[in-house]
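A.B. asks: Right, I'll just put the structure down here and ask away after.
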Amino acid sequence: NKGNYEHYMQKEIHEQPESLTTTMRGRLIRGGSCKAKTVLLGGLKDHLKTIRRSRRIVFIGCGTSYNAALAARPILEELSGIPVTMEIASDLLDRQGPIYREDTAVFVSQSGETADTLRALEYALENGALCVGITNTVGSAIARNTHCGVHINAGAEIGVASTKAYTSQIVVMAMLALAIGSDAISSQIRREAIIDGLFELPSKVREALKLDREMKDLAKLLMAEQSLLVFGRGYNYATALEGALKVKEVALMHSEGILAGEMKHGPLALVDENLPIFVIATHDVCFSKQQSVIQQLNARKGRLIVMCSRGDASSVNVGGSCRVIEVPQVEDCLQPVINIVPLQLLAYHLTVQRGYNVDQPRNLAKSVTTE
Ligand code: UD1
Ligand code: BG6
C-alpha cells in the first residue's frame with residue numbers, strides 16, 4: 001500500500017523518521033538519576049564477550065548493505081578498538097580470503113536471502129568465525145543460519161532501491177558499536193553523546209526531508225546530464241558511494257562515489273565547467289580538508305553542489321558560485337543517516353523526471369538469489 005505516495009521508493013524515503021524509531025524501540029535506555037545511558041540488543045547480549053575478544057571484525061554484504069557497513073566502520077573501530085575490515089561478499093568468495101576462528105564476521109542484508117552473502121556466510125561458518133547477522137527479514141536464511149544477530153525492524157521494503165533499510169542498518173551498527181564498547185569508561189561521554197544523537201535522529205531526518213522541493217528543483221537542473229560525481233570522505237565516504245548508487249540504479253544516470261582524499265590521484269582530471277559534482281562537506285573532523293577540496297575544484301571551474309551543515313554555507317562557498325544545500329547537524333558518526341536523505345530524494349526526482357521506472361529499475365531485482 002503506497003498510501004498518499006506515487007511510488008514505494010518515495011513512501012519509504014519519507015517514512016524514515018518512523019522506521020528509525022521502530023529500529024531503536026526498546027533498545028535505547030536513557031538513564032534515570034543513577035542509571036547511565038546504554039543500548040540493549042537482545043540478540044547479542046550473550047555474545048558480546050566473545051565479540052570483544054575477537055581479533056578482527058569483518059563486515060560482509062552487497063550493494064547498499066555493504067555501503068551501510070562502510071558508514072558504520074569508523075564508529076565501530078573507535079568504540080571497539082578492534083580492527084574492522086570490509087568485504088563485498090562475491091569478492092571474498094572469489095579470493096577465498098582468509099577468515100579465522102578469532103574473527104567476528106558480520107553479515108549485513110536487508111532481505112537476508114542474497115545468494116553471495118549467504119555463500120559467504122557458509123564459508124565463514126566452515127572457517128569457524130563467530131557469525132552475526134544484521135537483517136530486516138525475520139526467518140530469512142541469513143537470520144536463521146547466523147549464530148546471533150539483530151533484526152533492523154525497518155518494516156517491509158518494496159522499492160528495489162534500498163532506502164529506509166540503509167538508514168536503519170547504520171543505526172543498528174552504531175548501536176552494535178555502543179554495545180561492544182559499553183565496558184570502556186574512557187569513552188562513556190562519547191557514547192552518551194551518540195545515544196542522545198540517536199534519540200534526536202528521527203526528528204532531524206524529518207527536517208532533512210523538508211529539502212524535497214529543493215532536491216526536485218536540483219533534479220530538474222541535472223536531468224539531462226550524462227554523469228554525476230559525488231565526493232565524500234571519513235564518515236561520509238559511504239554516503240558518496242550510496243548516493244551515487246541510488247542515482248545509478250534508479251535514475252539510470254552514470255554516477256560515481258569518490259573518496260575525496262583520492263581526488264588528486266585521478267578524478268581531478270575529469271573536472272571541467274560541465275560535469276556536475278556533488279561534494280559532501282558537513283561539519284566533522286574532515287571539514288577543513290573538504291573546504292580545501294572545494295577550493296581546488298572551484299579553481300578548476302568545477303560545477304559544484306555542496307552539502308554542508310546548517311549555518312556553514314558561507315564557509316564552504318568561499319568566492320565560488322556553488323549551489324549549497326544545508327542539512328541539520330547530528331553527532332558526527334550519525335551524520336551519514338541525515339546526509340543520504342537529500343541524495344535519496346535527488347535520485348527519486350531524477351528518475352521521475354527522466355521517465356524511468358522508480359520501483360523496479362530495468363534489469364535489477366530486490367533480492368538477488370543467484371550468484
Ligand atoms: C526480540 C523479539 C521481539 C521482542 C523482543 C522483546 C523476535 C524476532 N524478536 O527482539 O519481537 O519484542 O525480543 O524483548 O522474536 N538473530 C540472528 N541472526 C540475525 C538476526 C537475529 O541469529 O540475522 C537472532 C538474535 O540473536 C536473537 C533473535 O534472532 O536471538 C531475535 O533477534 P532480534 O529480533 O534482533 O532480538 P530482540 O531485539 O531482542
Ligand atoms: C540487490 C538490491 O542488488 O541486492 C539492492 O537491488 C541491495 O538494493 C542488494 O542493496 C543487497 O541486498 P540485501 O537484501 O542483501 O541487502
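The values are calculated or read from the model by the stated rules, or taken from the named source; none is laboratory data. What you are looking at is a predicted structure, and each value in this text was computed from that prediction instead of being measured. Don't worry about glycine lacking a Cβ; one is built from the backbone with ideal geometry, like all the others, and counts go over all protein chains shown.
A.B. asks: Which residues, counting only those in the stretch 279-294, are touching a residue at least 24 places away in the same chain (Cβ under 8 Å) and farther than 11 Å from residue 315 by Cβ?
C.D. replies: 279, 280, 282, 284, 285, 286, 289, 293
A.B. asks: For the stretch 74-89, which positions are under 20 Å from residue 259 (Cβ atoms) and without any contact (Cβ under 8 Å) to a residue 60 or more places away in the chain?
C.D. replies: Of all residues in the stretch 74-89, those under 20 Å from residue 259 (Cβ atoms) come to 74-78, 83-88.
Scanning the stretch 74-89 gives 77, 83, 84, 85, 86, 87, 88.
A.B. asks: Conditions: (1) surrounded by fewer than 18 Cβ atoms within 10 Å (Cβ to Cβ); (2) at pLDDT below 95; (3) β-branched (Val, Ile, Thr). Residue 316 meets all but one. Number of the miss?
C.D. replies: Condition not satisfied by residue 316: (1).
A.B. asks: Continuing with this model, one more query. Just need a number here: residues in the stretch 319-366 that are outside any loop (DSSP other than H, G, I, E, B) and not aliphatic (A, V, I, L, M).
C.D. replies: If we filter the stretch 319-366 for residues that are outside any loop (DSSP other than H, G, I, E, B), which is where we start, we get 323-327, 332-354.
Okay, now just the ones that are also not aliphatic (A, V, I, L, M), so 323, 326, 332-333, 335-336, 339, 342, 344, 348-349, 351, 353-354.
Total satisfying the criteria: 14.
A.B. asks: Can you pull out the residues in the stretch 120-158 that are within 11 Å of ligand 1 (Cβ to nearest atom), within 19 Å of residue 52 (Cα to Cα) and of a type in the set (Gly, Ala, Ser)?
C.D. replies: If the condition is that a residue be within 11 Å of ligand 1 (Cβ to nearest atom), within 19 Å of residue 52 (Cα to Cα) and of a type in the set (Gly, Ala, Ser), then 133, 149 are the ones that fit.
A.B. asks: Condition test on residue 32, is it touching a helix residue (DSSP H, G or I) at 6+ places or on another chain (Cβ under 8 Å) and farther than 30 Å from residue 84 by Cβ? Break it down into steps so the answer makes sense when it comes.
C.D. replies: Numbers: touching a helix residue (DSSP H, G or I) at 6+ places or on another chain (Cβ under 8 Å): no; farther than 30 Å from residue 84 by Cβ: yes.
Considered against the rule, which asks whether it is touching a helix residue (DSSP H, G or I) at 6+ places or on another chain (Cβ under 8 Å) and farther than 30 Å from residue 84 by Cβ, residue 32 comes out as no.
A.B. asks: Looking only at the stretch 354-370, decide whether some residue is within 16 Å of ligand 1 (Cβ to nearest atom) and at pLDDT below 95.
C.D. replies: Of the stretch 354-370, the ones within 16 Å of ligand 1 (Cβ to nearest atom) are 367.
Restricting the remaining residues to those that are at pLDDT below 95 gives 367.
So far as the stretch 354-370 goes, yes, one or more of its residues are within 16 Å of ligand 1 (Cβ to nearest atom) and at pLDDT below 95.
A.B. asks: Check residue 76 against each of (1) crowded, with 23+ Cβ neighbours inside 10 Å; (2) more than 16 Å from ligand 2 (Cβ to nearest atom); (3) closer than 30 Å to residue 362 by Cβ and name the one condition it does not meet.
C.D. replies: Single failed check for residue 76: (3).
A.B. asks: Separate question: Working only within the stretch 6-29, note down all residues that are more than 16 Å from the chain's Cα centre (by Cα) and of a type in the set (S, T, N, Q).
C.D. replies: Looking only at the stretch 6-29, we keep the residues that are more than 16 Å from the chain's Cα centre (by Cα), and these are 6-11, 14-15, 18, 21-22, 24-29.
Across the stretch 6-29, the qualifying residues are 10, 21, 22.
A.B. asks: Out of (1) away from ligand 1 (no atom under 16 Å from the Cβ); (2) farther than 25 Å from residue 161 by Cβ; (3) surrounded by fewer than 21 Cβ atoms within 10 Å (Cβ to Cβ), what's the single condition that is false for residue 51?
C.D. replies: It fails just one condition, (1).
A.B. asks: Given the residues 109, 140, which is the only one that is under 24 Å from residue 12 (Cα atoms) and in contact with a helix residue (DSSP H, G or I) (Cβ under 6 Å, 6 or more places away or on another chain)?
C.D. replies: Testing whether each residue is under 24 Å from residue 12 (Cα atoms) and in contact with a helix residue (DSSP H, G or I) (Cβ under 6 Å, 6 or more places away or on another chain) leaves just 109.
A.B. asks: Quickly run through the stretch 153-163 and pick out the residues that are touching a residue at least 24 places away in the same chain (Cβ under 8 Å) and either near ligand 2 (Cβ under 10 Å from one of its atoms) or out of contact with any helix residue (DSSP H, G or I) (no Cβ under 7 Å at 6 or more places or on another chain) (or both). Before the answer, list the steps.
C.D. replies: Restricting attention to the stretch 153-163, the residues satisfying the condition of being touching a residue at least 24 places away in the same chain (Cβ under 8 Å) are 153-155, 157-163.
Within the stretch 153-163, 157, 159, 160, 161, 162, 163 meet the criteria.
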